[in-house]
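Here is the structure we will look at, set down as structure tokens.
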Amino acid sequence: MAFYPNERIALFIDGANFYSSAKALDFDIDYRKLLEEFRKRGRLVRALYYTALMEEQDYSPLRPLIDWLDYNGFTVVTKPAKSFTDASGGRRIKGDMDVDIAVDMMGMAPHVDHIVLFSGDGDFRKLVEAVQAKGVRVTVVSSLKSQPPMIADELRRQADTFIDLADLEGLVGRARSGAPRHNDDDDDDDDEEDEDN
């Protein structure tokens, strides 16, 4: 992993995709440790977390995480998720944050040296290429070691560096124990998982 102490770093976390990767590897993310880890690797300018929320729910299992992140060094970007019925009659949730991430990343590119994208979504390949054209190095964090693999091959190839989330488990993870934690709850699977990977 090539990080330099004088680099200005920004983290872009695709909440649903990142949660899916950690779940597939059977551990939870400790967001406090995640922030601390990347502060050690350079000058952390911004850590952004993106997720869609169901507005019609009185309580969202994501709300405690969102509130914690908001008060602890993350910029949280949310928008309403949309509910629809699929062809088989099942209820599906759609909350695509790709455009939000792309616009913010292009806006941040002139102010940083290194962007870390926590997503395996192949739709970000062109975005990564565009940011690299501005002289910014891009590291992608996702997983090849999960079943199924969570990283799109084209995104992994485009990145300057790929970090398998499994290799960060000892630094930013905690075992799934049912104990209180600062991360997405299992009840939240339907809200987060229906975004495209």
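Lys33 is checked against (1) under 27 Å from Val99 (Cα atoms); (2) modelled with pLDDT of 95 or more and fails just one. What number does that condition carry?
All conditions are met except number (1).
Quick one: which residue in Leu165, Leu144 is over 18 Å from Ala10 (Cα atoms), in contact with a strand residue (DSSP E or B) (Cβ under 7 Å, 6 or more places away or on another chain) and surrounded by 14 or more Cβ atoms within 10 Å (Cβ to Cβ)?
Leu144
Of the residues that sit in segment 41-81 and are in a loop (DSSP other than H, G, I, E, B) and among the hydrophobic types (A, V, I, L, M, F, W, C), which one is modelled with the lowest pLDDT? If you could, list the steps in order and put the result at the bottom.
Here is the first cut: in segment 41-81, the ones in a loop (DSSP other than H, G, I, E, B) are 41-42, 54-62, 72-74, 81.
Next, from what is left, pick out any that are among the hydrophobic types (A, V, I, L, M, F, W, C): 54, 62, 74, 81.
On the way: Met54: 76, Leu62: 81, Phe74: 97, Ala81: 80.
Top of the filtered list is Met54.
From the list Phe12, Phe38, Phe27, Phe84, which residue is out of contact with any His (no Cβ under 9 Å at 6 or more places or on another chain), under 23 Å from Leu155 (Cβ atoms) and at pLDDT below 95? Reasoning before the result, please.
Values: Phe12 fails: at pLDDT below 95; Phe38 fails: at pLDDT below 95; Phe84 fails: under 23 Å from Leu155 (Cβ atoms).
Among Phe12, Phe38, Phe27, Phe84, only Phe27 is out of contact with any His (no Cβ under 9 Å at 6 or more places or on another chain), under 23 Å from Leu155 (Cβ atoms) and at pLDDT below 95.
Could you run through segment 139-197 and say how many residues are at pLDDT 95 or above and of a type in the set (S, T, N, Q)?
Total satisfying the criteria: 5.
Need pairs with beta-carbon distance below 7 Å; first residue under 15 Å from Glu129 (Cα atoms) and within segment 104-117, second among the small types (Gly, Ala, Ser); sequence gap 6+ or separate chains.
Met106/Ala130; Met108/Ala10; His114/Gly42; Ile115/Ala10
Taking the options Ile9, Ile101, name whichever one is outside any helix (DSSP H, G or I) and touching a residue at least 60 places away in the same chain (Cβ under 8 Å).
After applying the criteria, what remains is Ile9.
What number of residues within segment 35-47 satisfy the criterion of being touching a strand residue (DSSP E or B) at 6+ places or on another chain (Cβ under 8 Å) and touching a residue at least 60 places away in the same chain (Cβ under 8 Å)?
Residues flagged as touching a strand residue (DSSP E or B) at 6+ places or on another chain (Cβ under 8 Å) and touching a residue at least 60 places away in the same chain (Cβ under 8 Å) within segment 35-47 amount to 4.
The values are calculated or read from the model by the stated rules, or taken from the named source; none is laboratory data. Predicted model, so just to flag it, every value in this text is computed and none were measured. Reconstructed Cβ throughout: ideal geometry from the backbone, glycine too, with neighbour counts over all protein chains shown.
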